[in-house]
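Q: Following this message is one structure expressed as structure tokens.
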Amino acid sequence: MSIVRKFLAAAAVAAAMFAMPASAQDMKIALVVKALGNGFFDAANKGAQEAAKELGGIEVIYTGPTAATAEGQVEIINSLIAQNVNAIAVSANDPDALVPVLKKAMERGITVISWDSGVAAEGRQMHLNPSDTDLIGETIIKLAADYLPEGGDVAILSASSTATNQNAWIEAAKKILPEKFPKINLVATVYGDDDSVKSTNEAKGLIASYPNLKAIIAPTTVGVVAAAQVVTDMGLIGKVNVTGLALPSEFKQFIDNGSSQAVALWNPIDLGYSAVYIAHQLATKKVEAKPGAKISIGKVGEITLDDTNSAAMAAPFQFDKSNIEEFSKIY
Ligand code: RAM
């Protein structure tokens, strides 16, 4: 090949490189969830992919352990660091256990945020709550109290005992109980680990232990389905009302059959969209995570970080017979 030809060939390669599609320079944002196989996180991933498409040049890596454990997440985050991702957005199974590995990620220049279920402040740049913690705490009790005018025994069926989000909501719920809902008697809090089988067994255990139980409050989309199925199967519809936080597409059948009067949730698609949008803003240095910072979340709006570098998205919606059909088609 002549020198001129060689030069022309090299120039063609260089030109082709410049013309390469954005995907060749993709920013990699990992959406690490509590566990795979959870419809709530699948819906969040839908929003995450939407944000990636809208912003362009982003590959979202949707990942998580098979069971909702911190150890599983540590392993995954280590491998994401090795893959050189640009950002990690995690819904944590434990506020503290992930801190060392997330610190390591940040030291390597990886943007780290938590969303849905937070990590301690030293393990992330910011945290996105789906909604105000006190409001969710009050909402889950009110959902039960609204259908118990005479009051009575209720129990909580939670996710894992270390889940930051559920623990914060339960604490908020307990705080307002005596003052706002004096007739509601919280008899127990049990943990189903966002696992259907364990949640089913825990729901059965509550029914066996507390014969006067009037409501099971499950602030987890996995637990609430398990509890409603138990109430249905045991013929307890009308005796034990199941409520909490539920994904309308998974839960519609239990509003329809009367094992639940009403449940609540925020939009999980918007939550996943926001997590990726924020991670991108931080990773591209468009904004710095610090108290008072205003961060755009595209079509969802804007958040302002508080003094713990946290912010909340929007108020939860309530679903009952009047609207669950419509929402079940969306998420
Ligand atoms: C489960 C998870 C998640 C929580 C929802 C309400 O899917 O525990 O973290 O936000 O329920």
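Q: Can you report the number of residues in region 249-267 which are within 16 Å of the ligand (Cβ to nearest atom) and open to solvent by less than 10 Å² (accessible area, probe 1.4 Å)?
A: Number satisfying all stated conditions: 8.
For every residue, the table says whether it meets (1) closer than 28 Å to ALA312 by Cβ; (2) within 13 Å of the ligand (Cβ to nearest atom).
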| position | (1), (2) |
| --- | --- |
| ALA155 | yes, no |
| TRP169 | yes, yes |
| THR220 | yes, yes |
| GLY235 | no, no |
| LEU247 | yes, yes |
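Q: Then there is this: Identify all residues within region 177-214 that are open to solvent by 60 Å² or more (accessible area, probe 1.4 Å) and in a helix (DSSP H, G or I); write none if there are none.
A: Across region 177-214, the qualifying residues are PRO178, GLU179, LYS180, SER196, VAL197, LYS198, ASN201, LYS204, ALA208, SER209.
Q: Here's a follow-up. Scan region 62-105 for residues that are surrounded by 16 or more Cβ atoms within 10 Å (Cβ to Cβ), β-branched (Val, Ile, Thr) and under 16 Å from the mean Cα position of the chain (by Cα) and report the count.
A: Residues of region 62-105 surrounded by 16 or more Cβ atoms within 10 Å (Cβ to Cβ): 62-65, 67-70, 72-74, 76-77, 80-81, 85-95, 97-99, 101-102, 105.
When the remaining residues are screened for being β-branched (Val, Ile, Thr), the result is 63, 69, 74, 76-77, 81, 85, 88, 90, 99, 101.
Narrowing the set further to residues that are under 16 Å from the mean Cα position of the chain (by Cα) leaves 63, 69, 88, 90.
Adding up the residues that qualify gives 4.
Q: Considering each residue of region 106-122, count those that are over 18 Å from the mean Cα position of the chain (by Cα) and in contact (Cβ under 8 Å) with a residue 12 or more places away in the chain, and give that number.
A: Total meeting the criteria: 5.
Q: Which members of region 227-248 meet the condition of being of a type in the set (Gly, Ala, Ser) and open to solvent by 10 Å² or more (accessible area, probe 1.4 Å)?
A: Start the filter on region 227-248 by keeping residues that are of a type in the set (Gly, Ala, Ser), which leaves 227-228, 235, 238, 244, 246.
Correct list: GLY235, GLY238.
Q: Okay, next question. Out of THR111, THR220, I need the residue that is assigned by TED's automatic domain parsing to the domain that holds THR69 and under 28 Å from ILE297 (Cα atoms). Which one? Outline the logic, then answer.
A: Numbers: THR220 fails: assigned by TED's automatic domain parsing to the domain that holds THR69.
Criteria check complete, one pass: THR111.
Q: Consider region 28-41. How many of its residues are more than 10 Å from the ligand (Cβ to nearest atom) and of a type outside the set (Gly, Ala, Ser)? Even if it seems obvious, please write down each step before you answer.
A: Going residue by residue through region 28-41, those that are more than 10 Å from the ligand (Cβ to nearest atom) are 28-32, 36-37.
Okay, now just the ones that are also of a type outside the set (Gly, Ala, Ser), so 28-29, 31-32, 36.
Looking only at that region, the number is 5.
Q: Can ILE141 be described as open to solvent by less than 10 Å² (accessible area, probe 1.4 Å) and not assigned by TED's automatic domain parsing to the domain that holds PRO291?
A: Yes.
The values are calculated or read from the model by the stated rules, or taken from the named source; none is laboratory data. As the structure is a prediction and not an experimental result, all values here were calculated from the model. All Cβ positions, glycine included, derive from the backbone under ideal geometry; neighbour counts span all protein chains shown. Protein only, heavy atoms only, side chains kept; ligands, DNA and RNA dropped before computing areas. Shrake-Rupley method; radii C 1.70, N 1.55, O 1.52, S 1.80 Å.
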